[in-house]
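Just so you know, all these numbers are worked out from the coordinates, no wet-lab data involved. Everything quoted here is computed from the prediction, not taken from an experiment. Neighbour counts run over all protein chains shown; Cβ positions are idealised from the backbone, glycine included.
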């Protein structure tokens, strides 16, 4: 068993614990700083909306040879259009379409700018005017796309609230999950503004996808919280401790899931941004990468601590806190009350300084080492207190003490 596996096992069994709930204000401050940077990026740079949302012009060149409709030719055409100096063409998008076509998309342009871009496209590709199709995308269509995207987002959030409430029977879990989702959306949108990437329908698809990923991770953690806090009186713990244990128990799983998901998305983001230039893959992968990372963070550091904070005023939770404080006070009065009773089936653990190898299961474990004993406390616990003075004579010493005879001799003289 490797060190990481042993760490996961110790976190699950409670032998080791990271205080996520107790340090909630630290996580809140970190999130506040990131969100402030995202809001600053939105207010200063804003979002670069694609032609699907603000309108624009689309040029499609057909009838090209197979060696012309390539990504390298698309990159050359993009540089040529951007080199015209037209402001609307600085964020030009050039993609391949089929085996013999190229598609150029720019922001809304005037008639003179349209003629200039048309001449550059024909000169660069060598196509004739009959092979070039120009389509204008009006802003009204873009507004309709934005409206439908907002409706889809609102419907998704409403369904999330209803699902969590119906599954957990706890509206506070729904609120905590929605706050975590809003946290992820705001960070993703802020990173988009700071990066200068164009917002396209692929971006909206990526945001909706990462909402589902974040929700999945949060539901897994909340399910473990519900399992640990089902019977607080019988489990002899508090809601905060049980919820913190749930986060520790799912921590390794969340890390593994996030890393496995982020590695391929990061590879797609690198290839699309460095080698493919402007493409829908770049927009989709950036939203996925940022959203997945933010979702993994919010499900651990935001959702559960916020849930514990919201439930702190409930009667059952407050009573569990009082019982825990009473138990802690009793343990401080008698420190030996917490010492477990020795049994023959107690596990024997090796010293922690022994390195883990693949074949450590075959190696016999070393002798168990007991922790050092604390110094004996006088006048407390099981230590007899010192005598306060000499023992004086007692009047009862001269009385005849009762004796007990066997049953066979009772009544006989």
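Counted by neighbouring Cβ atoms within 10 Å, the residues 274, 290 run from fewest to most as 274, 290.
Hey, how many Å between the Cα centroid of the stretch 256-273 and the Cα centroid of the stretch 79-141? If you average the Cα positions of each part, the centres end up 32 Å apart.
In this simple spin-label model, placing a label point 7 Å from the Cα along the Cα-to-Cβ direction at both residue 234 and residue 281 gives a separation of 5.4 nm. One decimal place: the segment residue 209-residue 128 gains 25.0 nm when fully extended, by the rule 0.36 nm per residue minus the C-alpha distance. The listed peptides 297-303, 323-329, ordered by packing as a protection proxy, come out as 297-303, 323-329 (highest mean of other Cβ atoms within 10 Å first). Both radii come from the Cα set of the stretch 56-137: Rg as radius of gyration, Rh as Kirkwood radius; their ratio Rg/Rh reads 0.92. Across the stretch 79-214, C-alpha contacts under 8 Å between residues 6 or more apart give a mean separation that, scaled by the residue count, equals a relative contact order of 14 percent. Contact order, relative form, for the stretch 56-137: 46 percent (alpha carbon pairs under 8 Å, 6 or more residues apart, mean separation divided by residue count).
Cβ crowding within 10 Å ranks 237, 188, 62 as 62, 237, 188, fewest other Cβ atoms first.
Between residue 35 and residue 330, the C-beta separation translates, for a Förster distance of 56 Å, into a calculated FRET efficiency of about 0.80.
The listed peptides 26-32, 282-288, 103-109, ordered by packing as a protection proxy, come out as 282-288, 103-109, 26-32 (highest mean of other Cβ atoms within 10 Å first). The modelled label-to-label distance between residue 58 and residue 322, using points 7 Å beyond Cα along the C-beta direction, is 6.8 nm. Packing-based ranking of 63-69, 73-79, 238-244 yields 238-244, 73-79, 63-69, ordered from highest to lowest mean Cβ neighbour count within 10 Å. Modelled spin labels at residue 75 and residue 155, positioned 7 Å past Cα toward Cβ, are 4.1 nm from each other.
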